[in-house]
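Taking it in order: structure first as structure tokens, then the write-up.
None of the figures in this text is laboratory data; all of them are computed from the coordinates on show. None of these values were measured; they are calculated from a predicted model. Quick reminder, even Gly has a Cβ in these numbers, built from the backbone with ideal geometry, and neighbours come from all protein chains shown.
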Ligand SMILES: Nc1nc2c(ncn2[C@@H]2O[C@H](COP(=O)(O)OP(=O)(O)OP(=O)(O)O)[C@@H](O)[C@H]2O)c(=O)[nH]1
Ligand SMILES: [Mg+2]
């Protein structure tokens, strides 16, 4: 991994000014950082970061202790606070830690897509989404991985099933999350209590099978988008309870624009979904009526 790490640093000098870009600028995949000979699935945890310099070392250290075999990919959008440099230092001293330097802030969804592409290219069997701010506890990753091992294709860490909870959230955030999930269930009819949750684990085959190339969601709805695609493709999507802990350090990147995007996209998907259901229903009724008329 040292090779691809050096390559990244040369291609994307961290002294570059932050310039928002619309195209991905990841390096070509060259190395295969997964050690041969391991018996379990090869796990890559993708951690997207934007200004998480105070958090990234803590979360990577916790993750490396909790699941020592897992590899970590920090997907950093050229954070002005130097998160990328902190991640580089971690990668320099640990061959399980990798860094994907992206040119500018493009949203969490784009960072995950780039990270998934990086991991799929390198043959990881399982890919995990985890926030850098400690909300997704690395110590609970084994329960997500256990559900995958038990046959699930995608596993969502869920705050809103029995056994799941949130710590230190104000009522306003609870209402936003519960309301968003209720709206998602109403629009899409998904059998998930926490479709918007961002602590997710996927078999590589699931990510390969859900058409990642045309995912356009950037914020919260990215999580709904992936779960809904997986369900529509017939994959086994399960929820396991997690304790979600509100961030203690650094600033939230949640914004009104992210909430509006989620609301709009979910509503549009819902309208399309319900219209398709109505079309199907009326076709079925017409077919039944025709059979009845012929008798
Ligand atoms: N690479 C990248 N990472 C991002 C971007 N926006 C957010 N993130 C990361 O995505 C993760 C989740 O973002 P948060 O700011 O914690 O958003 P949140 O968890 O919905 O909001 P809080 O509950 O307030 O923390 C964190 O690790 C962020 O650093 C982005 O544009 N690019
Ligand atoms: Mg957070």
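A compact table of results
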| quantity | calculated |
| --- | --- |
| Proxy reagent accessibility, fewest Cβ within 10 Å first, across 221, 187 | 187, 221 |
| Kirkwood hydrodynamic radius of the range 2-294, Cα pairs, Å | 20.0 Å |
| Nearest 10 degrees, 0 to 90: helix 2-11 Cα axis against the chain principal axis | 90 degrees |
| Helix axis angle, 56-66 relative to the chain longest principal axis, alpha carbon, degrees | 80 degrees |
| Least to most buried among 121, 133 (fewest other Cβ within 10 Å first) | 121, 133 |
| Sorted by Cβ neighbour density within 10 Å, fewest at the top, the residues 288, 267 | 288, 267 |
| Choice from 117, 250, 104 showing the highest fluctuation, given a GNM over the chain with Cα pairs closer than 10 Å | 250 |
| Equivalent ellipsoid semi-axes, the range 130-231, via Cα gyration tensor eigenvalues times 5, rooted, Å | 21, 18, 13 |
| Global geometry of the range 186-274, whether rounded, prolate or oblate, following the gyration tensor of its Cα atoms and the 1.5 cut on a/c | oblate |
| Over the chain, relative contact order from alpha-carbon pairs under 8 Å, at least 6 apart, % | 20 percent |
| Normalised per residue, the volume of the convex hull around the Cα set of the range 38-164 (Å³) | 111 Å³ |
| Relative frequency of Cα-Cα separations exceeding 14 Å in the range 116-182, percent | 69 percent |
| Helix 256-294 axis, angle to the chain major axis (alpha carbon atoms, nearest 10°) | 30 degrees |
